[in-house]
Amino acid sequence: MGKKISDELKTAIIEMPEKEKDKLLIRLVSKEPLLMSKLKHQLLEDEVDMEQQRDKIMQQMADTFSREGFATWNHTPGLVMMVMRDFSGDITNHVKITKDKYGEIMLLTRLVNMPFREQLDILVEKQSRAGKFAAYACRKAQIVLHKLKKFNRDYYLDFEKEVNEMLKHLQYYPPSEKLMGEHGLPKHWEI
């Protein structure tokens, strides 16, 4: 968190000539990448750009989890979880920049579903090492359901299939099935 600006300094800044304020603002913004991305989105982009960014993250997830070479590495459910964490960071940045709440739910649901769709062999073969992965997937599912409660019910149909698929994966994967109750996850999401 930044330091609080004194009232005296605020007044002095407000009274600065416009050109000086503009130069100072541009210098300050250029030092904050997240702020620069937020301003770019607010000032130069629209809904289409936001959807394209969301689609780009979904495509990157699909490419990463479906990669043929993924299974040939010495992967464990823990490493699958690490890939999920990287994408979770991408999703968080996307939401911070665009305030795309719809996309956040869509992306998080897809994030949980992708490993089960594309890397189930690794997850099943190495279940004994899947405790952290299962807990992480359950936490993400819990976040999705929590965000859905706050979201406009008119959009629930858009999420029904993916959310129920997510819950089904967690229910039928033994390491996560045990944790569903602890995370307050239902076996089926009712609209």
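Readers should treat all values here as calculations from the given coordinates under stated rules, not as data from a laboratory. Remember, it's a predicted structure, so these values are computed and weren't measured experimentally. No Cβ is skipped: glycine too gets one built from the backbone with ideal geometry, and neighbour counts run over all protein chains shown.
Key figures
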read-out	value
Over 18 Å between alpha carbons, listed pairs Lys99/Lys161; Lys40/Lys147; Lys3/Lys23; Lys101/Lys132; Lys132/Lys178; Lys40/Lys150	Lys99/Lys161; Lys40/Lys147; Lys3/Lys23; Lys101/Lys132; Lys40/Lys150
The chain, relative contact order [Cα under 8 Å, separation at least 6], %	20
Backbone HN-Hα couplings from phi across segment 130-145 [Karplus 6.51/-1.76/1.60, Hz, Gly and Pro as x]	9, x, 5, 4, 4, 5, 5, 4, 5, 5, 5, 5, 4, 5, 4, 5
Helix-only [θ]222 nm of the chain, DSSP H runs n ≥ 4, -39500 (n - 2.57) each, per residue, nearest 500	-24500 deg cm²/dmol
Length-normalised contact order of segment 131-189 in % [C-alpha pairs under 8 Å, at least 6 apart]	50
Under 14 Å from Lys96, Cα to Cα: aspartates and glutamates that are on another chain or at least 8 residues apart	Glu32, Glu104
Estimated FRET transfer efficiency (Asp49, Val124; beta-carbon r; R0 41 Å; 0.05)	0.55
